[in-house]
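Colleague: The following block contains the structure, expressed as structure tokens.
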Amino acid sequence: MAADKKLEAKISSAVATAVADPTVPAQPAAIPAIVSAVVTLVPEILNATNKEAFYQSRIFWSQILALVSAILMLFGVSFTADTQSQILSVLMPMIPLGFSIGYALYGRFFAKKPLGQ
């Protein structure tokens, strides 16, 4: 189950539990409206938790690019912000592919036994 669906299910359950409490001034008929209002926040909540792998983070790669740019500036090479943006937009799709190829090659050459044994 995707993270957003899990969170939506937990929100629905929590709202239903809260509305069932006699001290809460809400009617059971209001549960769908409350859930739909809260569920609209799920993407923001998931984004705030930042559960992505570090190599999928644009922040991480922009910082690496900034570090490389700073090192290159020591040698007299500089990049404009536009050039850095273009480099980043080219590299972002390649990074997960590079990690998956590297992991597959690592598994192929360092495996101790065949799959399934």
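Please treat every number below as a calculation from the coordinates, not as lab data. Here the structure is a predicted model, which is why all the values come from computation and not from measurement. Note that each Cβ is placed from the backbone with ideal geometry, even for glycine, and that neighbours are counted across all protein chains shown.
Colleague: Please order Glu44, Glu8 by the number of other Cβ within 10 Å, starting at the fewest. Please list the in-between numbers first.
Modeller: On the way: Glu44 9, Glu8 17.
Exposure proxy ranking, most exposed first: Glu44, Glu8.
Colleague: List Tyr103, Tyr55 from most exposed to least, where exposure is judged by having the fewest other Cβ atoms within 10 Å.
Modeller: So the ranking, lowest neighbour count to highest, is Tyr103, Tyr55.
Colleague: Angle between the Cα long axis of helix 81-110 and the longest principal axis of the chain, 0 to 90 degrees, nearest 10?
Modeller: The angle comes out near 90 degrees.
Colleague: Going by alpha carbons, how many degrees (0 to 90, nearest 10) lie between the helix axis of 58-74 and the longest principal axis of the chain?
Modeller: Result, in degrees: 30.
Colleague: Go ahead and set up a Gaussian network model of the chain, Cα springs under 10 Å, then flag whichever of Gln56, Gln86, Gln27 fluctuates most.
Modeller: Checking each option, the largest mean-square fluctuation is seen for Gln27.
Colleague: Express the relative contact order of the chain as a whole percentage, based on alpha carbon pairs under 8 Å and six or more residues apart in sequence. Kindly include the intermediate steps, with their values, before the conclusion.
Modeller: On the way: 41 pairs, mean separation 22.5, N = 117.
It rounds to 19 percent for the chain.
Colleague: Further question on the same structure: Round to the nearest 10 and give me the degree value, 0 to 90, for the angle of helix 3-20's Cα axis relative to the longest principal axis of the chain.
Modeller: Relative to the chain, helix 3-20 is tipped by roughly 20 degrees.
Colleague: Report the trypsin sites (Lys or Arg not before Pro) located in segment 9-65 that are in a DSSP loop and have at most 10 other Cβ atoms inside 10 Å of their Cβ, or state none. Provide the component values of the computation, followed by the final result.
Modeller: On the way: sites: Lys10, Lys51, Arg58; in loops: Lys51.
Counting only loop positions with at most 10 other Cβ atoms within 10 Å, the trypsin sites (Lys or Arg not before Pro) in segment 9-65 are Lys51.
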